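Here's the structure, in structure tokens; my notes come after.
The values are calculated or read from the model by the stated rules, or taken from the named source; none is laboratory data. Just so it is clear, the model here is predicted, and its values are computed rather than measured. Ideal geometry is used to build each Cβ from the backbone, glycine not excepted, and the neighbour counts take in all protein chains shown. For the accessible areas, the whole protein counts, side chains as well, though only heavy atoms, and no ligand, DNA or RNA atoms are used. Shrake-Rupley method; radii C 1.70, N 1.55, O 1.52, S 1.80 Å.
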Amino acid sequence: MSTHLALIVDDEPDIRELLELTLGRMNIDTRSAANLAEAKDWLTKQHFDICLTDMRLPDGNGIDLVRHIQQQGLNVPAAVITAYGNMESAVEALKAGAFDFVSKPVDLQVLRNLINSVLKLSDDFPKHDRRSRESLLGESQVMCNIRSTIEKLSRSQAPVYISGESGTGKELVAKLIHDKGPRADDPFVPVNCGAIPTELMESEFFGHKKGSFTGALSDKDGLFQVAAGGTLFLDEIAELPMHMQSKLLRVIQEKAVRPIGSQHEVPTDVRILSATHKDLGKLVGEGLFRQDLYYRLNVIELNVPPLRERPGDIRLLARHFLQQLVSQNHQPALMLDEKALQALEHYTFPGNVRELENILERATALCENNVITPEDMQLPDLQAGNSSAPGEDTAELEPGAVPLDTYMDSIEKEALLKALEQTRYNKTAAAKLLGITFRALRYRLKKLGLE
């Protein structure tokens, strides 16, 4: 006996029958409605685990039904069946609160994947109700709001665009959206779009067949296949070249990829989350990012604030990172003295939470008697051998006053920090700015204790 019930809303008897048969084979009971009024009537009589609605109905459209379900507070995930290629309707439905969409002619495998995701949500959701407060730290109002938004977003399949500066924790936010949703038991695959060489991008994303190009010695799955059933997190999406932007748009619309050298498309079942520290809207205006892809990725935007906008969370974060470092390095307990905490609270953190973590990691190696002082942290304001408080003038090192190696190191350190700050702690960009290789930058950062 079936434990699930679906509502099918379509004015075409043939489509209703096809959907009833498909769901019946999945052991799901169905009720059918030919229009909006009948659908609303069914929703007052019974609880449904899923609602599948056509976009065009005789007395309204599928988005009206999605809005009705939201307004009535009915806990029914709704998926909308849209006309082929009509992405505007699909995006509008997702913005209205639809769980997902499927295009006509309906690919039955895509439909089954969608329904399985919905049923996982209703069956397993309590299992994935993990406390995000323990991983996305902060008691400021903005962080409480973000955690609340993550809870809502995890129950949808809508693409989410995560904006914010480098080092704010955008990947952590994406991982939480994945972990709290119906895809939690399937892969979470993060990919830095700026780190893949342009000539390898298509193969990395979509896979290739053996012999499809020189060096293709065997079949290879792309990132979409690796993330099957799970979430693909496209970090630094602004770095995608134009030719890949158009290919990515097609994959998202068709829910299928064609590996290089293959004659056939392979259906994909992934949720797309994306992020960048750049202003994507501005790049669209400058013609550097496709407007239609931006529209498709930015169905819901979630902004992660810089650390300087939530200074009240700095103490909590600092103590959390110290505890982590102590347990990782099997050290005795460490503490920050009050002046060190005050120095952190007055610092602007151009590198955000990631920079705070790096500062404390360096300080644990330099501190004595298990107490971290402002000098141990080597904040840019406090460098050059001076322990003045944040904001006060600092004496500059002069050649002759100190050994030459120390003087040269201080100049190099200043140049590296300046380049990192200018590029918002993007190491690839910082290396380019300094005219050195990425590997050379990493070596110098490690040598100077700035890793």
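When Leu417 is evaluated against the numbered criteria (1) modelled with pLDDT under 75; (2) open to solvent by less than 80 Å² (accessible area, probe 1.4 Å); (3) part of a helix (DSSP H, G or I), which criterion, by number, is the only one it fails?
Leu417 satisfies every listed condition except (1).
Any residue in region 22-37 that is more than 18 Å from Leu108 (Cβ to Cβ) and assigned to a helix (DSSP H, G or I)?
Among the residues of region 22-37, at least one is more than 18 Å from Leu108 (Cβ to Cβ) and assigned to a helix (DSSP H, G or I), which makes the answer yes.
For region 142-168: of the residues being without any contact (Cβ under 8 Å) to a residue 24 or more places away in the chain and farther than 21 Å from Pro311 by Cβ, which is most open to solvent (accessible area, probe 1.4 Å)?
In this case the residue turns out to be Lys152.
On the basis of being open to solvent by 10 Å² or more (accessible area, probe 1.4 Å), in contact with a strand residue (DSSP E or B) (Cβ under 9 Å, 6 or more places away or on another chain) and not small (Gly, Ala, Ser), does Pro332 make the cut?
In short, no.
Residues Ala431, Ala440: which one is of a type in the set (Gly, Ala, Ser), in contact with a helix residue (DSSP H, G or I) (Cβ under 8 Å, 6 or more places away or on another chain) and either surrounded by 17 or more Cβ atoms within 10 Å (Cβ to Cβ) or at pLDDT 80 or above (or both)? Talk me through it step by step, then tell me what you get.
Values: Ala440 fails: either surrounded by 17 or more Cβ atoms within 10 Å (Cβ to Cβ) or at pLDDT 80 or above (or both).
Ala431 is the lone residue from the list that is of a type in the set (Gly, Ala, Ser), in contact with a helix residue (DSSP H, G or I) (Cβ under 8 Å, 6 or more places away or on another chain) and either surrounded by 17 or more Cβ atoms within 10 Å (Cβ to Cβ) or at pLDDT 80 or above (or both).
State whether the residues of region 312-321 include one that is assigned to a loop (DSSP other than H, G, I, E, B) and either in contact with a Pro (Cβ under 8 Å, 6 or more places away or on another chain) or open to solvent by 10 Å² or more (accessible area, probe 1.4 Å) (or both). Lay out the reasoning, then the answer.
Going through region 312-321, the residues assigned to a loop (DSSP other than H, G, I, E, B) turn out to be none.
No, there is no match, as no residue in region 312-321 is assigned to a loop (DSSP other than H, G, I, E, B) and either in contact with a Pro (Cβ under 8 Å, 6 or more places away or on another chain) or open to solvent by 10 Å² or more (accessible area, probe 1.4 Å) (or both).
Assuming Leu108 fulfils every condition listed in (1) without any contact (Cβ under 8 Å) to a residue 60 or more places away in the chain; (2) more than 19 Å from Pro159 (Cβ to Cβ) apart from one, which condition is it?
All conditions pass for Leu108, except number (1).
How many residues does region 252-269 hold that are open to solvent by 30 Å² or more (accessible area, probe 1.4 Å) and of a type in the set (A, V, I, L, M)?
Of the residues in region 252-269, 2 are open to solvent by 30 Å² or more (accessible area, probe 1.4 Å) and of a type in the set (A, V, I, L, M).
Assess whether Phe205 counts as being open to solvent by less than 10 Å² (accessible area, probe 1.4 Å) and either of a type in the set (A, V, I, L, M, F, W, C) or part of a loop (DSSP other than H, G, I, E, B) (or both).
Spelling it out, Phe205 is indeed open to solvent by less than 10 Å² (accessible area, probe 1.4 Å) and either of a type in the set (A, V, I, L, M, F, W, C) or part of a loop (DSSP other than H, G, I, E, B) (or both).
Counting just the residues of region 43-65 that are in contact with an Asp or Glu (Cβ under 9 Å, 6 or more places away or on another chain) and β-branched (Val, Ile, Thr), which one comes out modelled with the highest pLDDT?
That would be Thr53.
Among the residues of region 76-119, count how many are among the aromatic types (Phe, Trp, Tyr) and under 17 Å from Gly229 (Cα atoms).
Of the residues in region 76-119, 2 are among the aromatic types (Phe, Trp, Tyr) and under 17 Å from Gly229 (Cα atoms).
Could you tell me how many of the residues in region 1-29 are among the hydroxyl-bearing types (Ser, Thr, Tyr) and more than 35 Å from the chain's Cα centre (by Cα)?
Result for region 1-29: 1.
Tell me, yes or no, whether region 2-15 has at least one residue that is without any contact (Cβ under 8 Å) to a residue 40 or more places away in the chain, open to solvent by less than 50 Å² (accessible area, probe 1.4 Å), assigned to a loop (DSSP other than H, G, I, E, B) and of a type in the set (Ser, Thr, Tyr).
yes
Just checking, does region 175-193 include any residue being within 22 Å of Val91 (Cβ to Cβ), touching a Gly at 6+ places or on another chain (Cβ under 6 Å) and not small (Gly, Ala, Ser)?
Yes, region 175-193 contains at least one residue that is within 22 Å of Val91 (Cβ to Cβ), touching a Gly at 6+ places or on another chain (Cβ under 6 Å) and not small (Gly, Ala, Ser).
Is there a residue being modelled with pLDDT under 95, under 20 Å from Arg112 (Cβ atoms) and of a type in the set (Gly, Ala, Ser) anywhere in region 1-10?
Checked against the condition, which is being modelled with pLDDT under 95, under 20 Å from Arg112 (Cβ atoms) and of a type in the set (Gly, Ala, Ser), region 1-10 yields at least one hit.
Kindly state which helices (runs of 4 or more DSSP H) lie completely within region 324-382 and contain at least 1 residues that are more than 17 Å from Lys413 (Cα to Cα) and charged (D, E, K, R).
Here the list reads 338-346, 352-366.
Got at least one residue in region 169-177 being open to solvent by 10 Å² or more (accessible area, probe 1.4 Å) and either within 26 Å of Ala96 (Cβ to Cβ) or among the hydroxyl-bearing types (Ser, Thr, Tyr) (or both)?
So far as region 169-177 goes, yes, one or more of its residues are open to solvent by 10 Å² or more (accessible area, probe 1.4 Å) and either within 26 Å of Ala96 (Cβ to Cβ) or among the hydroxyl-bearing types (Ser, Thr, Tyr) (or both).
For region 115-134, what are the residues that are modelled with pLDDT under 90 and open to solvent by less than 50 Å² (accessible area, probe 1.4 Å)?
Within region 115-134, Ser117, Val118, Leu119, Leu121, Asp124, Phe125, His128, Ser132 qualify.
Residue check: is Leu249 under 20 Å from the mean Cα position of the chain (by Cα), surrounded by fewer than 20 Cβ atoms within 10 Å (Cβ to Cβ), at pLDDT 90 or above and under 20 Å from Pro197 (Cα atoms)?
yes
Suppose we filter region 217-242 for residues that are open to solvent by less than 10 Å² (accessible area, probe 1.4 Å) and part of a loop (DSSP other than H, G, I, E, B); how many remain?
Residues meeting the conditions: 4.
Residue-by-condition table, conditions (1) open to solvent by less than 40 Å² (accessible area, probe 1.4 Å); (2) touching a residue at least 60 places away in the same chain (Cβ under 8 Å):
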| site | (1), (2) |
| --- | --- |
| Gly285 | no, no |
| Phe289 | yes, no |
| Asp292 | no, yes |
| Tyr295 | no, yes |
| Pro306 | yes, yes |
| Tyr347 | yes, no |
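Mind checking which residues of region 89-105 are surrounded by fewer than 22 Cβ atoms within 10 Å (Cβ to Cβ), in a helix (DSSP H, G or I) and touching a residue at least 60 places away in the same chain (Cβ under 8 Å)?
Once the filter is applied, which keeps residues that are surrounded by fewer than 22 Cβ atoms within 10 Å (Cβ to Cβ), in a helix (DSSP H, G or I) and touching a residue at least 60 places away in the same chain (Cβ under 8 Å), region 89-105 yields Val91, Lys95.
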